[in-house]
1. Only residues that are within 30 Å of the chain's Cα centre (by Cα) and of a type in the set (S, T, Y): list them for region 147-186, please.
2. Given the structure, is A104 buried (at least 17 other Cβ atoms within 10 Å of the Cβ), in the same structural domain as K228 (by TED's automatic domain parsing), not basic (K, R) and not in a loop (DSSP other than H, G, I, E, B)?
3. Would you mind telling me which numbered condition in (1) more than 20 Å from the chain's Cα centre (by Cα); (2) surrounded by fewer than 17 Cβ atoms within 10 Å (Cβ to Cβ); (3) not small (G, A, S) L421 fails?
4. Can you say whether K358 is more than 20 Å from E250 (Cα to Cα), assigned to a helix (DSSP H, G or I) and of a type in the set (D, E, K, R), as far as the supplied structure shows?
5. Select from region 290-331 the residues that are part of a loop (DSSP other than H, G, I, E, B) and touching a residue at least 40 places away in the same chain (Cβ under 8 Å) and write down the one among them that is farthest from S252 (Cα to Cα).
6. Only residues that are touching a helix residue (DSSP H, G or I) at 6+ places or on another chain (Cβ under 8 Å) and part of a strand (DSSP E or B): list them for region 36-82, please.
7. Say whether the condition of being outside the structural domain of R107 (by TED's automatic domain parsing) and under 15 Å from the mean Cα position of the chain (by Cα) is met by at least one residue in region 256-266.
8. So which residues in region 275-289 are under 23 Å from F342 (Cβ atoms) and assigned to a helix (DSSP H, G or I)?
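The values are calculated or read from the model by the stated rules, or taken from the named source; none is laboratory data. Quantities reported herein were computed from a predicted structural model and do not represent experimental measurements. Glycine also receives a Cβ, built like all others from the backbone with ideal geometry; neighbour counts cover every protein chain displayed.
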Amino acid sequence: MPKFFSRSRCLAVFLALVFTLASAMSLFAAELDLGKWDSQTRARLQKLIDDVGNKSAGYNAAKKPYAVFDWDQTCIFNDTEEALFRYMIENVLFKATPEEFAAAIRREVPKDNFSKDYNNKAGKPINIDSIAADLDADYAFLYANYIKEQKMPLDKIRATEEFIDFRGKLAYLYEAIGSTFSADVSYPWVLYLFVGMTEAEVRAVAEKSNDAALGDKLGTYTLSSSEKRPGKAGAVSLGGYKAGLRLAPEMSNLMNVLRASGIEVYVCSASHETVVRVFAGLPKYGYLVPDANVIGMKTKMKDGKYLGEYDYGNDYPQTQQKGKVKAIEQVLVKKFGYGPVFVAGDSQGDFHMSTEFKDTQLTLLVNRVRKDDFGKLGLQAVKEKGQPNARYALQGRDENIGQFRPDTATIKMGKSKPELLHSSLTPQ
C-alpha cells in the first residue's frame, strides 16, 4: 500500500474532513433560516446572536449568555396544557378517585358566583358549589364504569348523558374560573387533575395529546352539557375552545442557532413543567430543550404520583406573571449571576420577564394584537423597527394556519386582514 494511503494518513484525512464539516456546519448553524420571519425582526435577532454569541470578540465560555422563551403561543401555536386538558376529558384519562377528584376541582376556588358571562343557559348564575356537585355525580359514574374498571367501552361511555354532562361542565369550569378569578387560581387549578397519575403517565398522555392536536384542523368549537342532566348548575354551553396545535419551525431553528452560537436556551412556562418537557424535549418536535432547561408549574408528588396541590417547596412560585421573574431569579440568575440576554413571549403573563432584567438586550414579541401592557411593548417595537439595537422586535402570524408570516402584523383567527396593533394603540 502506498505511504499516502497508510491507516494513520487515512485517519488524519478523515479527522480533518470531520473537523472541516463540523466547522462548516457550525458556521451555517449560526445563521438563522429565512423561514417566515419578518426580515427586520430576523435581522435584529441575527445581530444579537452575532454580538453575544461564540463568534463575537467578547464571548466568554465561562460566562455564557442565555435566552428564556415562554412556551405556549410563543414556541408553538395554541396551548399544550389546555389541549391536554380537553384531550383527557374526551378520552376519560383520569386516575383520581371520586374523593380526590372532588377535592381537586374545588381547591382554592372562591365560592362567589362566576362572571355573568358564564351564567347557565337559563341565565342563572353558577358557582363552584353548584357545578362541582354535578361533576361529582358525573365522575362517580365514569369512575365506576370506565376509569376503575372498563365495564363499558369508550365509545359507549361517550354516548352517555353522564359523559356529555361531564365534558361540557368540566371544560366550562376551567374557563369560568379563569375569567372570573385571578390567574393564581385558574393556572394551577387545571394541573390538579393529574392527581393519581405518575410522571410517566402524564408524559405519555401529553405526547398523545400533542400528536393528536398537531393533526387536528385549526379552529374553534363549542361544548355543551347534557340537557337531560341539568343538576344544580343547570345546562351550560360555551364556545371558543381552540382546536389544534402547530409547531413553529422558526422558533425551533432560533433555539438551535442560539445553542450552536454558545447561548444557552431555557423555557419558562405557566404550564406544568412535565407537560412542557414532553413538547420541548422530544426530538420529533425539533426544539431539543433538555428537561433541566424547562422551568414551569409544579404539583406535589407522593409515592411517585401527583397530588392535587401546588408545590411551593423552597418558596417556588407559580410561574406566571411576576412569578416568572422570581423563578428565573431562583433558578437561572442564581446559577449564572446575571439575567437573560434574550426573552421571547406572547402575552401579559410574559410582560414582567420581558421588561425587568437589566441584562436583557432583546425581547421577541409574538404578535397577538393585544391591548394590555404586553401589547404596548408591541407599540414600542413598531417605533424601534429597523434600529440595529432595538430593545423589542415584533413577529406576526396567520392564526388561520398557525404559522408565522413574513411581516410584523398578524391575521387573527377567522379574519383575512392583517392587524399590526390593537385598535386602542396608535403609533406616534
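1. Passing the criteria: Y172, Y174, S179, T180, S182, S186.
2. Yes.
3. Only one criterion is unmet by L421, namely (2).
4. Answer is no for this residue.
5. G304
6. Y66, A67, V68, F69, I76
7. The answer is yes, given that some residue of region 256-266 is outside the structural domain of R107 (by TED's automatic domain parsing) and under 15 Å from the mean Cα position of the chain (by Cα).
8. Residues satisfying the conditions are V276, R277, F279, A280, G281, Y285.
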